[in-house]
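Chemist: Once you've had a glance at the structure underneath, I'll fire off some questions.
The values are calculated or read from the model by the stated rules, or taken from the named source; none is laboratory data. In this text the structure is predicted, and so the values were computed from the model without any measurement. Virtual Cβ from ideal backbone geometry, glycine too; neighbours counted across all protein chains shown. For accessibility, only protein heavy atoms count, side chains too; no ligands or nucleic acids. Shrake-Rupley method; radii C 1.70, N 1.55, O 1.52, S 1.80 Å.
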Amino acid sequence: MRGSTVGTSRVISIYRAVIICGMLLLLGTGNAVAQTSSPVLGAMHDELERSMQKLKTQPVPPYFLSYEITETHEFDVTGEFGKLTNSSEDRRRQLDIDLRVGDYTMDNTREIRGGQSANPFANYSYIEVPIDDDPDAIRGVLWYHTDERYKRAQEQLTKVKTNVQVKVAQEDQSADFSHEEPQQYTESLVDIKADRRVWEDKVRRYTAPFAKYTNIYGAEAILRASAETQWYTNSEGTRIQTSQPAWHLFLIAYTKADDGMELPRYESFFGFTESDLPDDATVLKAVDKMIHDLEALRVAPVTDPYTGPAILSGRASGVFFHEIFGHRVEGHRQKLANEAQTFKKKVNEEVLPKDFSVYFDPTARRIAETDLAGYYLYDNQGVKARRVTVVDKGVLKTFLMSRTPIEGLSQSNGHGRKQAGFSPVARQSNLIVEVAPSSIQPDLKKLLIDEVKKQGLPFGLYFEDIQGGFTLTGRTIPNAFNVLPLVVYRIYADGHEELVRGVDLIGTPLTTFSKIVAADRNVAVFNGVCGAESGGVPVSAVSPGIFVSQIEVQKKQKSQDRLPILPAPLEDK
């Protein structure tokens with residue numbers, strides 16, 4: 001299962017436990033130091049050279065070794081119902097090691113086929129590194145864990161060789177790892193500075209209006225400012241230092257309907273500097289809209305299961321493409337034996353209407369005056385980021401690639417990504433949907449009403465805002481998706497609209513894609529975190545609103561708990 005958190009106007013909403021990582025070095029809120037490599041990268045390089053030299057004498061020496069250290073300096077300020085609940089600062093460093101024995105053709109990382117389903121957290125590790133720039137202390141950590149990884153890699157290679165001998169021939173005969181050109185890049189280190197007292201006052205003011213409504217049961221504002229620095233070096237000669245700040249402001253609130261259904265509303269804002277966040281008036285306007293939406297949703301009727309035409313706003317459409325399409329063009333999914341490989345054999349075939357193109361561009365930092373969270377310069381395998389056109393005028397051209405080759409694609413295209421502590425695989429970056437003028441319609445609502453009348457239905461649906469979604473890409477269970485709407489309207493044949501609640505947008509990819517008809521000019525951006533087997537990585541999606549001639553919705557899961565028995569304390573005042 002792959003999942004993402006998505007959201008409203010400028011950034012996708014997130015589950016509370018997820019942190020979105022910044023992806024761009026900007027001047028302003030961070031203080032840049034000299035553009036030279038730090039003692040951390042020097043210690044990593046020296047210990048890597050020593051380890052490779054010493055391990056050459058072993059009967060099974062490593063053919064590849066990489067170190068990545070990620071430092072995160074973070075400020076968190078949280079308020080609830082007008083009061084401060086948290087104000088904290090944290091700095092930490094985490095080490096990731098990729099050590100491979102065997103060779104590029106077959107190594108210890110190859111999939112063990114025919115066993116039980118892999119535990120997605122089996123390869124997760126948390127290795128702390130001193131935050132002091134002491135080369136000896138850093139090298140001590142690297143030495144110990146390199147030795148541990150080497151022993152583990154030897155054992156795993158034996159299992160791989162046995163699996164190859166006792167199982168049928170692998171469908172995809174490509175190598176296990178790609179050869180890539182060494183990269184050298186160093187950018188200035190950036191640290192974050194946040195005036196916590198200012199933000200403590202802001203989150204109090206942002207959440208105070210919710211306290212006036214006794215049927216709103218949760219209301220938080222979270223400011224998360226961070227600077228993330230990554231040092232990467234490998235045995236092929238790559239040495240990279242990147243450092244990026246990020247600012248996030250989240251508004252989260254929920255109410256409950258009389259039938260027990262929880263009804264959340266999210267608003268979130270993202271930028272690379274503090275000045276990219278909205279002013280107080282803009283935030284308080286968003287708070288007022290959230291309150292209005294919650295009050296309306298609480299008494300809105302529940303929609304029954306439905307199939308028929310629908311409009312997806314640009315925000316909803318971005319999530320739609322991310323879940324339905326994006327995960328299914330991640331390269332390693334075309335190779336793993338338990339993946340459904342929906343698009344593997346469809347290269348150079350039409351998979352979308354001829355006027356639709358989709359590309360992924362991690363080098364794009366900003367679109368429509370909105371910063372893109374999926375921006376980065378180098379991926380987590382030391383490969384330079386680049387634009388990848390996956391669908392050109394409806395025709396599938398390629399896949400997103402890490403350093404895990406697949407048949408027909410032997411090189412990475414800069415999309416090997418991960419959260420610290422996980423192993424990188426091919427992941428999405430900035431997904432951008434472009435539509436040719438011939439499929440642009442100024443009034444999707446008119447198309448929807450015409451289709452409602454043609455199909456003899458009382459109404460169609462309009463998905464205005466979205467919470468997130470998840471998708472299933474394996475073979476053993478239905479290859480489906482579930483997009484989680486927040487704000488949905490029925491649009492009736494006479495044109496009037498009615499707010500409804502309680503539906504999830506579901507379906508299967510090939511059928512749903514065949515029903516896309518047109519798009520509008522209302523391009524929207526969402527930013528957020530996508531969760532999958534290599535952890536949570538920041539992503540963006542840019543898409544216009546789209547008209548789909550047929551979609552399916554099912555009833556949303558809901559709580560069976562009654563509303564509070566006791567009245568809120570404010571009611572007694």
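Chemist: Considering only segment 457-476, state which residues are in a strand (DSSP E or B) and open to solvent by 10 Å² or more (accessible area, probe 1.4 Å). Outline the logic, then answer.
Modeler: Residues of segment 457-476 that are in a strand (DSSP E or B), as a first pass: 459-471, 474.
Hits for segment 457-476 are Phe459, Tyr462, Glu464, Gln467, Phe470, Gly474.
Chemist: Given the criteria surrounded by fewer than 24 Cβ atoms within 10 Å (Cβ to Cβ) and not acidic (Asp, Glu), does Ala340 qualify? Steps first, answer last, please.
Modeler: Values: surrounded by fewer than 24 Cβ atoms within 10 Å (Cβ to Cβ): yes; not acidic (Asp, Glu): yes.
It is true that Ala340 is surrounded by fewer than 24 Cβ atoms within 10 Å (Cβ to Cβ) and not acidic (Asp, Glu).
Chemist: In the list Arg205, Arg197, Arg239, which residue meets the criterion of being within 23 Å of Met290 (Cα to Cα) and at pLDDT 95 or above?
Modeler: Working: Arg197 fails: within 23 Å of Met290 (Cα to Cα); Arg239 fails: within 23 Å of Met290 (Cα to Cα).
Only one candidate qualifies: Arg205.
Chemist: Now a separate question. So, in segment 486-496, of the ones that are out of contact with any helix residue (DSSP H, G or I) (no Cβ under 7 Å at 6 or more places or on another chain) and over 13 Å from Ala310 (Cα atoms), which residue ends up modelled with the lowest pLDDT? So that I can check it myself, show each step before the final result.
Modeler: Step one: filter segment 486-496 for residues out of contact with any helix residue (DSSP H, G or I) (no Cβ under 7 Å at 6 or more places or on another chain), giving 486, 488-490, 492, 494, 496.
Then drop every residue that is not over 13 Å from Ala310 (Cα atoms), which leaves 486, 494, 496.
On the way: Leu486: 90, Asp494: 95, His496: 96.
Of everything passing the filter in segment 486-496, Leu486 is modelled with the lowest pLDDT.
Chemist: Let me ask you something else. Taking the stated definitions as given, is Leu84 modelled with pLDDT of 95 or more, in contact with a Pro (Cβ under 8 Å, 6 or more places away or on another chain) and not basic (Lys, Arg)? Quick ask: steps written out before the conclusion?
Modeler: Details: modelled with pLDDT of 95 or more: yes; in contact with a Pro (Cβ under 8 Å, 6 or more places away or on another chain): no; not basic (Lys, Arg): yes.
Judged against the criteria, Leu84 is not a match.
Chemist: Would you point out the residue of segment 223-239, among those that are open to solvent by less than 10 Å² (accessible area, probe 1.4 Å) and not polar (S, T, N, Q), that is farthest from Gly79 (Cα to Cα)?
Modeler: Filtering first and then ranking leaves Trp231.
Chemist: Here are some residues: Thr70, Thr78, Thr85. Which one is in contact with a Gly (Cβ under 8 Å, 6 or more places away or on another chain), in a strand (DSSP E or B) and not small (Gly, Ala, Ser)?
Modeler: Thr85
Chemist: Among Pro478, Pro442, which is in contact (Cβ under 8 Å) with a residue 24 or more places away in the chain and closer than 26 Å to Met261 by Cβ?
Modeler: Working: Pro442 fails: closer than 26 Å to Met261 by Cβ.
Every option except Pro478 fails the conditions.
Chemist: Give Gly382, Gly374 a once-over and let me know the one that is assigned to a loop (DSSP other than H, G, I, E, B), at positive phi and in contact (Cβ under 8 Å) with a residue 12 or more places away in the chain. Walk me through it before giving the result.
Modeler: Numbers: Gly374 fails: at positive phi.
Checking each option against the conditions leaves just Gly382.
Chemist: Condition check: in contact with a strand residue (DSSP E or B) (Cβ under 6 Å, 6 or more places away or on another chain), among the acidic types (Asp, Glu), buried (at least 22 other Cβ atoms within 10 Å of the Cβ) and at pLDDT 90 or above. Does Glu330 satisfy that? Even if it seems obvious, please write down each step before you answer.
Modeler: Working: in contact with a strand residue (DSSP E or B) (Cβ under 6 Å, 6 or more places away or on another chain): yes; among the acidic types (Asp, Glu): yes; buried (at least 22 other Cβ atoms within 10 Å of the Cβ): yes; at pLDDT 90 or above: yes.
Considered against the rule, which asks whether it is in contact with a strand residue (DSSP E or B) (Cβ under 6 Å, 6 or more places away or on another chain), among the acidic types (Asp, Glu), buried (at least 22 other Cβ atoms within 10 Å of the Cβ) and at pLDDT 90 or above, Glu330 comes out as yes.
Chemist: Tell me which residues, restricted to segment 519-541, are among the polar types (S, T, N, Q) and touching a Phe, Trp or Tyr at 6+ places or on another chain (Cβ under 8 Å). Steps first, please.
Modeler: To start, the set of residues in segment 519-541 that are among the polar types (S, T, N, Q) comprises 522, 527, 534, 540.
Scanning segment 519-541 gives Asn527, Ser534, Ser540.
Chemist: Return the residue satisfying two criteria in turn: it lies in segment 485-505 and is free of Cβ contacts under 8 Å to residues at least 60 places away in the same chain and open to solvent by less than 30 Å² (accessible area, probe 1.4 Å), and of such residues it is nearest to Leu444 (Cα to Cα). Can you show your working first?
Modeler: Step one: filter segment 485-505 for residues free of Cβ contacts under 8 Å to residues at least 60 places away in the same chain, giving 489, 492-497, 504.
Filter again for open to solvent by less than 30 Å² (accessible area, probe 1.4 Å), leaving 495, 504.
Values: Gly495: 12, Asp504: 21 Å.
Among those residues, the one meeting the criterion is Gly495.
Chemist: Out of the residues in segment 369-396 meeting the condition of being more than 17 Å from Val539 (Cβ to Cβ) and of a type in the set (A, V, I, L, M), tell me which one is most open to solvent (accessible area, probe 1.4 Å).
Modeler: Just the residues of segment 369-396 that are more than 17 Å from Val539 (Cβ to Cβ), to begin with: 369, 381-384, 389, 391-396.
Keeping just the survivors that are of a type in the set (A, V, I, L, M) gives 383, 391, 395-396.
Numbers: Val383: 7, Val391: 0, Val395: 34, Leu396: 0 Å².
Checking each candidate, the answer is Val395.
Chemist: Can you work out which of the residues in segment 174-204 that are in a loop (DSSP other than H, G, I, E, B) and among the hydroxyl-bearing types (Ser, Thr, Tyr) is nearest to Asp90 (Cα to Cα)?
Modeler: Taking segment 174-204 as the starting set, the residues that turn out to be in a loop (DSSP other than H, G, I, E, B) are 174-183, 187-189, 193-195.
From the residues that got through so far, the ones that are among the hydroxyl-bearing types (Ser, Thr, Tyr) too are 174, 178, 188.
On the way: Ser174: 43, Ser178: 37, Ser188: 21 Å.
Only one residue fits best here, namely Ser188.
Chemist: If you go through segment 136-147 one residue at a time, do you hit one that is closer than 19 Å to Ile97 by Cβ and of a type in the set (Lys, Arg)? Can you show your working first?
Modeler: If we filter segment 136-147 for residues that are closer than 19 Å to Ile97 by Cβ, which is where we start, we get 136-147.
Checking the rest, the ones that are also of a type in the set (Lys, Arg) come to 139.
Yes, the conditions are met somewhere in segment 136-147.
Chemist: A further question follows. Restricting to segment 9-40, what's the tally of residues that are surrounded by fewer than 21 Cβ atoms within 10 Å (Cβ to Cβ), modelled with pLDDT of 50 or more and outside any loop (DSSP other than H, G, I, E, B)?
Modeler: Qualifying residue count for the region: 1.
Chemist: Quick one: count up the residues across segment 425-456 that are open to solvent by 70 Å² or more (accessible area, probe 1.4 Å) and assigned to a strand (DSSP E or B).
Modeler: Adding up the residues that qualify gives 1.
Chemist: Here's something else I'd like to know. Name the pairs: first residue in segment 137-152 and at negative phi, second residue in a helix (DSSP H, G or I) and open to solvent by 70 Å² or more (accessible area, probe 1.4 Å), Cβ to Cβ under 9 Å, at least 6 apart or on different chains?
Modeler: Filtered contacts from segment 137-152: Arg139/Asp46; Arg139/Arg50; Trp143/Arg50.
Chemist: Determine whether segment 405-424 contains at least one residue that is in contact with a strand residue (DSSP E or B) (Cβ under 6 Å, 6 or more places away or on another chain), without any contact (Cβ under 8 Å) to a residue 40 or more places away in the chain and surrounded by fewer than 24 Cβ atoms within 10 Å (Cβ to Cβ).
Modeler: yes
Chemist: Another one. Quick check on segment 92-124: of everything there that is within 23 Å of the chain's Cα centre (by Cα) and modelled with pLDDT of 95 or more, which residue is surrounded by the fewest Cβ atoms within 10 Å (Cβ to Cβ)?
Modeler: Arg92
Chemist: Here is a further query. Do the conditions hold for Lys346, that is, is it surrounded by fewer than 20 Cβ atoms within 10 Å (Cβ to Cβ), more than 30 Å from Arg113 (Cα to Cα) and of a type outside the set (Phe, Trp, Tyr)? Please lay out each step first, then the result.
Modeler: Values: surrounded by fewer than 20 Cβ atoms within 10 Å (Cβ to Cβ): yes; more than 30 Å from Arg113 (Cα to Cα): no; of a type outside the set (Phe, Trp, Tyr): yes.
Judged against the criteria, Lys346 is not a match.
Chemist: If you don't mind, there's one more thing I want to ask. Restricting segment 350-368 to residues that are farther than 20 Å from Ser178 by Cβ and part of a strand (DSSP E or B), which is most open to solvent (accessible area, probe 1.4 Å)?
Modeler: My answer is Glu350.
Chemist: Then there is this: Would you check which residues across segment 49-77 are open to solvent by 50 Å² or more (accessible area, probe 1.4 Å) and either under 28 Å from the mean Cα position of the chain (by Cα) or over 20 Å from Gln156 (Cα atoms) (or both) and list them?
Modeler: Glu49, Arg50, Gln53, Lys54
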